[in-house]
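The values are calculated or read from the model by the stated rules, or taken from the named source; none is laboratory data. These numbers were taken from a predicted model, which means no experiment stands behind them. Because the Cβ atoms are built from the backbone with ideal geometry, glycine has one as well, and the counts that use them run over all protein chains shown. Just so you know, the surface numbers come from the protein's heavy atoms only, side chains and all, with ligands and any DNA or RNA stripped out. Shrake-Rupley method; radii C 1.70, N 1.55, O 1.52, S 1.80 Å.
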Number of protein chains: 2
Amino acid sequence: MPKGFSVRPSRVGDLVREFAQFGSLPAGGVSRLCASPTDGEARDRLTKLLQDVGAEVTVDAVGNQFGLFRLTDDDTLAPVMIGSHLDSQPRAGKIDGTLGVMAAVEVGQLLHAAKQQGHGFQRNFYVVNWTNEEGARFRPSLLGSGVFAGHLTEAFALACRDDDGVTLEDALLAIGYRGTDPRPPIPDFYMELHAEQGSRLEGAGLQIGLVTRNWGAAKLDLVFEGEQAHTGPTPMSKRRDALLAASRVIDGLRQLADANPDRLHTSVGRIVVSPNSSNVVPDRVELTAEIRSPDDTFLIEIEKLAQAQFDAVAQATGVTLHRQNRSLRLARTMPETMVDFLEGCSTSLGQQPMRLDTVAGHDALSLIGICPTALVFVPSIGGISHNEAEATDDADMDAGTSLLLEAAFRLCGSSHTTWGMT
Amino acid sequence: MPKGFSVRPSRVGDLVREFAQFGSLPAGGVSRLCASPTDGEARDRLTKLLQDVGAEVTVDAVGNQFGLFRLTDDDTLAPVMIGSHLDSQPRAGKIDGTLGVMAAVEVGQLLHAAKQQGHGFQRNFYVVNWTNEEGARFRPSLLGSGVFAGHLTEAFALACRDDDGVTLEDALLAIGYRGTDPRPPIPDFYMELHAEQGSRLEGAGLQIGLVTRNWGAAKLDLVFEGEQAHTGPTPMSKRRDALLAASRVIDGLRQLADANPDRLHTSVGRIVVSPNSSNVVPDRVELTAEIRSPDDTFLIEIEKLAQAQFDAVAQATGVTLHRQNRSLRLARTMPETMVDFLEGCSTSLGQQPMRLDTVAGHDALSLIGICPTALVFVPSIGGISHNEAEATDDADMDAGTSLLLEAAFRLCGSSHTTWGMT
């Protein structure tokens with residue numbers, strides 16, 4: 001960047017704190033479920049924020065929100081895009097996806113200012129806020145970026161339902177974000193800044209993580225069907241208890257992870273029990289199970305083992321168990337030359353970047369294979385995430401934003417088209 | 001009974017079917033949670049039904065609904081009371097408590113008719129519909145009869161909250177059943193007709209069961225507190241997963257029952273998970289566990305064993321587990337002379353009564369020790385209960401109602417005050 005166009009200290013942190021008002025919780029966190037009224041308020045504020053600093057805002061059919069900073073009148077070259085998401089888990093921290101969107105706004109504003117000061121660019125720049133990254137209200141996760149990348153259709157995404165049966169389309173219509181604008185072109189370069197949600201950077205005393213690989217993840221929606229009965233007189237041997245079966249599956253999945261330390265994470269975070277009355281043997285349970293590993297072959301092997309466990313539990317409890325949905329994200333490596341490029345930018349800023357994996361999914365993963373893509377981490381204090389206590393120091397947010405600014409400045413000024421990175 | 005005053009064939013069955021319209025479900029069952037709008041409609045219909053056949057209807061502070069048939073102007077002797085409850089589980093059959101209320105209405109109407117034909121009685125007769133027998137919407141169960149019997153205070157009952165935080169008092173106010181009428185006197189005799197909810201009568205080919213004993217039951221509201229975290233990057237060893245702990249407790253309770261066939265029933269029918277999102281390790285789980293046994297000493301011993309299991313699970317998972325509420329119903333025998341009396345009435349009608357236990361709780365259990373109390377069972381087809389498929393033949397309903405009519409006729413005509421049965 002030319003002199004004078006550097007990230008303003010704590011500007012991104014201040015924006016993150018400002019946006020925490022949308023769905024704010026008493027302990028400092030946020031609950032901003034995708035396409036909820038509070039998500040709508042946050043989106044409205046983002047629109048205003050972008051327009052105030054010179055961007056043109058559009059919304060596509062699935063609610064992805066784009067802010068175009070015109071850095072050149074020549075549209076020949078594909079743009080650069082940076083962003084993340086404003087939706088959150090039900091009781092989340094304020095950092096998560098908001099950091100990545102606010103960093104993108106700061107980068108866009110500074111590039112735009114540089115252009116107005118006469119600097120010449122060869123590409124335009126987009127800020128993006130992806131719809132339903134979290135997969136909390138609507139499943140699967142990475143829905144908006146998945147549609148943008150062509151992995152999912154618009155129709156599929158809009159028809160997804162929350163646990164109350166509301167479709168994403170109706171939820172977006174209700175907040176005014178079922179857009180009709182055309183999607184921007186696939187960018188030549190997509191970058192995302194995110195908190196690490198782990199403790200490796202903090203442990204190493206470093207500010208910048210360059211993600212080289214994601215863990216694979218299989219997410220399974222399981223349905224258990226037993227028989228409703230009285231919890232009192234019904235003989236134990238006659239009960240077909242869907243919650244008992246689900247409990248054994250939850251415990252069994254954990255045991256698989258415990259038997260495979262460091263290369264397998266499993267969890268069940270969501271369970272819906274019916275009729276859920278203390279006096280009634282439950283006849284139906286739905287749950288979502290996650291299996292994650294850096295090794296795809298091992299992941300598939302474990303999924304088969306888990307399925308054998310499910311079958312054994314079903315047999316022993318007299319409960320029918322079937323898999324309603326399965327989404328599989330394979331482990332992939334991020335484009336090497338893009339990591340190298342960011343490493344160069346980072347060291348030129350005097351930073352010491354560290355290469356690491358991401359276990360969690362991020363919108364950047366949707367773009368791998370579609371365009372050159374990079375994911376940059378900054379430290380999470382205590383490794384805490386999906387928790388109101390989630391926190392990142394302003395200085396670390398600034399360091400990450402500075403790296404993105406440097407990279408975006410170079411990329412927007414360059415006519416290299418593919419970098420051979422896809 | 002004098003000639004001509006016998007139970008009208010299928011009258012009780014017809015009333016049961018009529019009341020199934022209040023909260024009707026597609027598969028023939030009902031969902032009529034305590035103090036819900038549909039419960040209000042059913043109560044309104046009961047009021048009308050009682051008034052049409054000559055009863056005076058009153059409602060006490062906790063919503064218990066009474067129908068007084070004045071059979072004598074002399075209030076010296078305590079009345080006879082028969083009833084049950086109109087509330088249901090969330091997806092229940094149409095029989096359950098409704099049968100007992102409708103049988104009581106038929107008995108009252110026939111006694112009233114006998115009086116109008118000149119027959120002399122020495123006691124008045126009450127029909128009762130108790131509030132919140134099920135314990136489905138509000139816990140504990142047997143709430144209305146527990147207040148009437150003096151086991152619980154009105155203030156305690158009215159302050160009970162459902163899972164949405166609504167108090168029983170507000171729910172009753174909303175349907176117009178937060179009454180202000182004085183409670184009727186404790187009756188000298190309370191009787192209740194109920195479907196067996198088991199298969200012993202059906203297996204023996206008999207119509208009438210006389211309950212001699214109830215199983216004891218300990219009901220525990222447990223709270224598990226872990227730590228909210230991301231299901232992806234959070235190392236397995238650092239997770240404090242409240243749902244994992246709850247799952248192990250559910251499985252452990254079942255294993256206790258399996259190790260003690262025929263003398264121990266355990267179950268968990270209700271679980272509330274927070275934040276309940278697929279991507280988040282749950283930090284809080286509430287559940288209600290039930291432990292039932294005919295042997296109180298054994299029940300307490302098992303409860304201690306279960307507590308040791310809970311502690312071990314908490315230790316192993318890093319989750320805090322505490323017991324929020326505990327309700328204990330001891331195993332008790334029904335008054336022997338009352339069973340003998342009903343046996344005499346039953347054989348005089350040409351029936352073959354069978355003595356048996358109740359595993360489930362019923363309002364009659366609240367009255368044990370307070371007044372002479374009896375509980376009469378008729379067959380449940382297939383032993384099915386707390387299920388939309390619950391059913392009882394009209395002929396069996398008529399047999400049970402005939403027994404209650406015979407007993408009520410004799411009791412209302414007698415000046416014996418205590419029968420030495422309490």
**Request:** Report whether or not A:S415 is of a type in the set (S, T, Y), touching a residue at least 60 places away in the same chain (Cβ under 8 Å), more than 14 Å from chain B (Cβ to nearest Cβ) and open to solvent by 10 Å² or more (accessible area, probe 1.4 Å).
**Result:** yes
**Fill in**
Among strands (runs of 3 or more DSSP E) entirely within the range A:18-123, at least 1 residues that are among the small types (G, A, S), buried (at least 24 other Cβ atoms within 10 Å of the Cβ) and touching a residue at least 40 places away in the same chain (Cβ under 8 Å) occur in A:65-69, A:80-84
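A quick yes/no check of all residues on (1) more than 14 Å from chain A (Cβ to nearest Cβ); (2) at pLDDT 95 or above:
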| position | (1), (2) |
| --- | --- |
| B:S88 | no, yes |
| B:L110 | yes, yes |
| B:D163 | no, no |
| B:P182 | yes, yes |
**Request:** Looking only at the range B:316-330, decide whether some residue is among the small types (G, A, S) and at pLDDT below 95.
**Result:** yes
**Request:** For A:A391, indicate whether it is open to solvent by 10 Å² or more (accessible area, probe 1.4 Å), in the same structural domain as A:A113 (by TED's automatic domain parsing), in contact with a helix residue (DSSP H, G or I) (Cβ under 6 Å, 6 or more places away or on another chain) and at negative phi.
**Result:** yes
**Item:** Verdict on B:E169 being surrounded by 19 or more Cβ atoms within 10 Å (Cβ to Cβ) and without any contact (Cβ under 8 Å) to a residue 24 or more places away in the chain
**Value:** yes
**Request:** Out of the residues in the range B:286-308 that are among the β-branched types (V, I, T) and more than 9 Å from chain A (Cβ to nearest Cβ), state the one that is farthest from A:N132 (Cα to Cα).
**Result:** B:T297
**Item:** Subset of the range B:272-296 that is outside any loop (DSSP other than H, G, I, E, B) and open to solvent by 10 Å² or more (accessible area, probe 1.4 Å) - its residue that is farthest from A:G226 (Cα to Cα)
**Value:** B:D296
**Request:** Could you tell me which of the residues A:R355, A:R410 is assigned to a helix (DSSP H, G or I) and either open to solvent by 10 Å² or more (accessible area, probe 1.4 Å) or not assigned by TED's automatic domain parsing to the domain that holds A:L25 (or both)?
**Result:** A:R410
**Request:** Scan the range A:72-86 and give yes if some residue there is within 14 Å of chain B (Cβ to nearest Cβ) and either more than 29 Å from A:P9 (Cβ to Cβ) or touching a Phe, Trp or Tyr at 6+ places or on another chain (Cβ under 6 Å) (or both), otherwise no.
**Result:** yes
**Asked** Among the residues of the range B:137-149, is any surrounded by fewer than 23 Cβ atoms within 10 Å (Cβ to Cβ), modelled with pLDDT of 95 or more and in contact with a helix residue (DSSP H, G or I) (Cβ under 9 Å, 6 or more places away or on another chain)?
**Response** yes
**Single residue of the range A:248-271 satisfying the filter (small (G, A, S) and open to solvent by less than 40 Å² (accessible area, probe 1.4 Å)) that is farthest from the chain's Cα centre (by Cα)** = A:G252
**Request:** Among the residues of the range A:70-124, count how many are closer than 22 Å to A:S145 by Cβ and among the hydroxyl-bearing types (S, T, Y).
**Result:** 3
**Asked** So, of the residues in the range B:394-407 that are hydrophobic (A, V, I, L, M, F, W, C) and more than 19 Å from the chain's Cα centre (by Cα), which turns out to be most open to solvent (accessible area, probe 1.4 Å)?
**Response** B:A395
**Request:** Could you please find all residues in the range A:374-422 being modelled with pLDDT under 95 and among the aromatic types (F, W, Y)?
**Result:** A:W419
**Message:** Going through A:E169, A:E225, A:E192 one at a time, which residue ends up being more than 19 Å from A:L365 (Cβ to Cβ) and within 21 Å of the chain's Cα centre (by Cα)?
**Reply:** A:E169
**Prompt:** Residue check: is A:V313 outside the structural domain of A:A204 (by TED's automatic domain parsing) and modelled with pLDDT of 95 or more?
**Reply:** yes
**Asked** What tally of residues in the range B:235-249 results from selecting those that are at the interface with chain A (Cβ under 7 Å from one of its Cβ atoms), free of Cβ contacts under 8 Å to residues at least 40 places away in the same chain and basic (K, R)?
**Response** 0
**Message:** Just to be sure before I move on: is B:G232 within 14 Å of chain A (Cβ to nearest Cβ), farther than 23 Å from A:G232 by Cα and not aromatic (F, W, Y) in the structure I sent?
**Reply:** yes
**Prompt:** When the range B:173-222 is examined, which residues are found to be out of contact with any helix residue (DSSP H, G or I) (no Cβ under 9 Å at 6 or more places or on another chain) and surrounded by 18 or more Cβ atoms within 10 Å (Cβ to Cβ)?
**Reply:** B:K219, B:D221
**Fill in**
Within the range B:1-17, the residues that are in contact (Cβ under 8 Å) with a residue 24 or more places away in the chain and outside any loop (DSSP other than H, G, I, E, B) are B:R11, B:V12, B:G13, B:L15, B:V16, B:R17
**Prompt:** Filter the range B:378-388 for residues that are more than 10 Å from every other protein chain (Cβ to nearest Cβ) and buried (at least 24 other Cβ atoms within 10 Å of the Cβ); which is nearest to A:D283 (Cα to Cα)?
**Reply:** B:P379
**Complete:** Within the range B:330-366, of all residues that are of a type in the set (A, V, I, L, M) and closer than 9 Å to B:L210 by Cα, the one nearest to the other protein chains (Cβ to nearest Cβ) is B:L356
**Fill in**
Listed by first then second residue, the pairs whose first member lies in the range B:313-334 and is open to solvent by 30 Å² or more (accessible area, probe 1.4 Å), whose partner is assigned to a loop (DSSP other than H, G, I, E, B), with beta carbons under 6 Å and at least 6 positions apart or on separate chains, are B:G318/B:R240; B:S327/B:P140; B:R332/B:I368
**Message:** Residues that are closer than 24 Å to B:S385 by Cα, surrounded by fewer than 22 Cβ atoms within 10 Å (Cβ to Cβ) and in contact with a strand residue (DSSP E or B) (Cβ under 7 Å, 6 or more places away or on another chain): does the range A:301-312 have at least one?
**Reply:** no
**Request:** Looking only at the range A:250-271, count how many residues are at the interface with another protein chain (Cβ under 7 Å from one of its Cβ atoms), in a strand (DSSP E or B) and under 15 Å from B:R240 (Cα atoms).
**Result:** 4
